[in-house]
Amino acid sequence: MKVRDIQAEFSLEVAAGSSGLDREIAGGDCGDLLSDVMANSRAGDLWLTIQSHQNIMAVAVLKDLAAIILVNGHRPDDITVAKAEQEGIPILLSPTSSYQLAGGLFRAGIMQKEE
Amino acid sequence: MKHFRGDLHIHTCLSPCAELEMSPLRIVKESLAKGLDFIAICDHNSAENAGAAVRAGAMLGIHVLPGLEINSIEEIHTLAIFDSEKQALSMQDIVYTHLHGTNRPDIFGEQVVVNEINEVEYFNERMLIASTQLGVDSIVREVHRLGGIAIASHVDRPSYSIISQLGFIPHDLELDAVELSCMTNKESFAGGSGMLKELPIIKSSDAHSPDDIGRCCTSFFIKVPCIDEIRMALGGKFGRRMVN
């Protein structure tokens, strides 16, 4: 499943990085502590977070994430948007919580692959 | 008492997110040009450029306090400011023991160690932007044990501040002050000020580029710009005080 499919299925607003919408999704991670996401996320993950500052893009690039979904109505800073455009990593926006959205993503067939 | 204008939160080019122009010498020159009387150098999780800034300041006539901006396990930034480079480097030892990973300059930026005459010494290879494994409580404790002051960074900001990360300031955390960024002031931060309790409030620039230096600062009425005097001013004791 591609980022684009999830964006359409869950009616997520594309805030930036639309050039990366055709990336294949491997799994997902939820977390608002960047250090935890750096330690535990895997390449191709969707990352659900409330953090909107520019360092989320550094983490996404470092871990080769498929996309970032800002939950609970959070919106990215301008500089975060610029970096997402530059890196081609989509930032999608959801009004719902990480819990609710992650449940939906599991139902849609996005499972965290076992090691 | 004399009036000293202090900017207690300036990053050098050792911080990956700061501009490369921010050499210790350049910062000292810019601080003098801005009319500051003393500054503190607080790079992310490191004091490796602080000594050079102290020496550059001594050459050109501005007092420089060496410090660090330490990132806790909760991703809370705390300023740790000292009188001597030796104290700052002792704090750095503790930080480095609890800091893991290697910097990726292509992603986070270069971390340049520069001496007081503007020569590049080497590149720091640690991931200075990362969080340490130290809780904010133990950071404050260690800073005090080494004789420094601990100030919660930019508590009005939506990231890396104690209020953004915890939602409150623990009553038993012995902070010496909290810092507001240039973007707000005590009055407009009134909404969040219930959380500031009785803590002294300073303002500093969190400068990452030369233009930022001294954009906001704090006025101290003290005898000399040293940690003991600053501590008394923060507490409003023995005739010392501060205004921002």
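Please report the projected area of the protein assembly as shown's Cα convex hull averaged over all directions, in nm². It would help to have the intermediate numbers written out before the result.
Numbers: hull surface 71.8 nm².
Over all viewing directions, the protein assembly as shown projects a mean Cα-hull area of 17.9 nm².
Could you give me the percent of Cα pairs per 5 Å distance bin for the range A:3-107, shortest bin first, beginning at zero and ending with the bin that holds the maximum distance?
In order of increasing distance, the bins hold 3, 15, 28, 29, 20, 4, 0 percent.
For a quick check of your reading of the filter: which chymotrypsin sites (Phe, Trp or Tyr not before Pro) in the range B:127-229 sit in a DSSP loop and have no more than 15 other Cβ atoms within 10 Å?
B:Phe168
What percentage of the solvent-accessible surface of the protein assembly as shown, computed with a 1.4 Å probe over protein heavy atoms, is contributed by carbon and sulfur atoms?
Carbon plus sulfur share of accessible area: 51 percent.
Taking θ = phi - 60°, what integer Hz values does the Karplus form 6.51 cos²θ - 1.76 cosθ + 1.60 yield along the range B:200-209, in sequence order, with x for Gly and Pro?
Computed from phi, the couplings for the range B:200-209 are x, 10, 10, 10, 8, 7, 6, 5, 10, 9 Hz.
What does the charge add up to near A:Ala16, with Lys and Arg as +1, Asp and Glu as -1, over the other residues with Cβ less than 12 Å from its Cβ?
-3
Mind listing the phi-derived Karplus ³J(HN,Hα) values for the range A:80-88, rounded to whole Hz, using 6.51, -1.76 and 1.60 with θ = phi - 60°, and x for any glycine or proline?
Once rounded to whole Hz, the list reads 5, 4, 4, 5, 5, 5, 5, 8, x.
Short version: ³J(HN,Hα) in whole Hz for each residue of the range A:29-39, in order, from phi by Karplus 6.51 cos²θ - 1.76 cosθ + 1.60 (θ = phi - 60°), x for Gly and Pro, what are they?
8, 10, x, 10, 9, 4, 4, 5, 5, 5, 7
So how do A:Val14, B:Val28 rank on accessible area, 1.4 Å probe, biggest first, that is with the largest at the start? If you can, show how the numbers build up before the last one.
Values: A:Val14 55, B:Val28 0 Å².
So the residues, ranked largest to smallest area, are A:Val14, B:Val28.
Out of the DSSP beta bridges found with both residues in chain A, what percent are antiparallel (nearest 5)? All intermediate terms of the calculation are to be shown ahead of the outcome.
Details: 4 of 15 bridges.
Here the share of antiparallel DSSP bridges comes out near 25 percent.
Can you list the residues, at least 5 places off or on another chain, whose amide H is less than 5 Å from the amide H of B:His63, using H built in the peptide plane?
When sequence neighbours closer than 5 places are left aside, the close amide H contacts are B:Ile39.
Below 8 Å, C-alpha to C-alpha, sequence gap of six or more: please give me the relative contact order for the range A:3-107 in percent.
Answer for the range A:3-107 is 32 percent.
Which of the cysteines in the protein assembly as shown are isolated, no other cysteine C-beta under 4.7 Å?
So, A:Cys30, B:Cys13, B:Cys17, B:Cys42, B:Cys217, B:Cys226.
Quick check on the protein assembly as shown: of the DSSP beta bridges with both residues there, what percent are antiparallel, nearest 5%?
50
Could you give the nm distance between label points at B:Glu198 and B:Arg141, where each point is 7 Å from its Cα heading toward the beta carbon?
Output for this residue pair reads 2.3 nm.
To the nearest 0.05, what FRET efficiency results for A:Glu24 and B:Cys17 with a Förster distance of 35 Å applied to their C-beta separation?
Details: r = 32 Å, r/R0 = 0.90.
After rounding, the FRET efficiency stands at 0.65.
Which parts of the range A:19-45, residue by residue, lose 50 Å² or more of accessible area when the rest of the protein chains are there, as against the chain isolated (1.4 Å probe)?
Those residues are A:Leu33.
Provide the buried accessible surface between chains A and B in square angstrom, both chains summed, 1.4 Å probe, rounded to the nearest 100. Intermediate values should be presented prior to the final figure.
Working: alone 5860 and 10230 Å², together 15220 Å².
That pair hides around 900 Å² of surface in total.
Strictly greater than 27 Å: what percent of every Cα pair in chain B meets that?
Result: 27 percent of Cα pairs exceed 27 Å.
Select from the range B:63-109 all residues whose loss of accessible area on going from the chain by itself to the full protein assembly reaches 30 Å² or more (probe 1.4 Å).
Residues shielded by partner chains are B:Glu75, B:Ile107, B:Phe108.
Determine the sum of side-chain charges near B:Ala152: Lys and Arg each +1, Asp and Glu each -1, restricted to other residues whose C-beta is under 10 angstrom from that of B:Ala152.
With Lys, Arg at +1 and Asp, Glu at -1, the net is -2.
With the cut-off at 1.5 for a/c, could you classify the range B:36-157 from its C-alpha gyration tensor as rounded, prolate or oblate?
oblate
What size of dipole, in debye to the nearest 20, comes out for chain B about its Cα centre when the only charges are +1 on Lys and Arg C-beta atoms and -1 on Asp and Glu C-beta atoms? Mind dumping the intermediate values first?
Numbers: 21 positive and 33 negative charges, 184 e Å.
Computed charge dipole of chain B: roughly 880 debye.
Which net charge results when you count Lys and Arg as +1 and Asp and Glu as -1 among the other residues whose beta-carbon is under 11 Å from that of B:Pro170?
Within the 11 Å Cβ shell, the charges total -3.
Treating the beta-carbon of each Lys and Arg as +1 and of each Asp and Glu as -1, no other charges, what is the dipole magnitude of the range A:3-107 about its Cα centre, to the nearest 20 debye?
120
Rank A:Ile6, B:Thr12, B:Ala130 by how far each Cα sits towards the positive end of the charge dipole of the protein assembly as shown (+1 on Lys, Arg Cβ; -1 on Asp, Glu Cβ) and give me just the farthest.
The residue sitting farthest along the positive end of the dipole is B:Thr12.
Check B:Leu134: other-chain or 5+ apart residues with amide H under 5 Å from its amide H, H built from backbone geometry?
So B:Leu134 has HN proximity to B:Ile73.
Just to confirm, what accessible area per residue do you get for chain B at 1.4 Å probe, in whole Å²?
40
How big is the charge dipole of the range B:103-244 about its Cα centre, in debye rounded to the nearest 20, if each Lys and Arg gets +1 on its Cβ and each Asp and Glu gets -1 on its Cβ? Before the final figure, lay out each step's value.
Working: 14 positive and 20 negative charges, 131 e Å.
About 640 debye.
The values are calculated or read from the model by the stated rules, or taken from the named source; none is laboratory data. Remember, it's a predicted structure, so these values are computed and weren't measured experimentally. A quick note on method: Cβ atoms are made from the backbone with ideal geometry, for glycine too, and the neighbour counts reach across all protein chains shown. Just the protein is used for accessible areas: all its heavy atoms, side chains included, with ligands, DNA and RNA removed. Shrake-Rupley method; radii C 1.70, N 1.55, O 1.52, S 1.80 Å.
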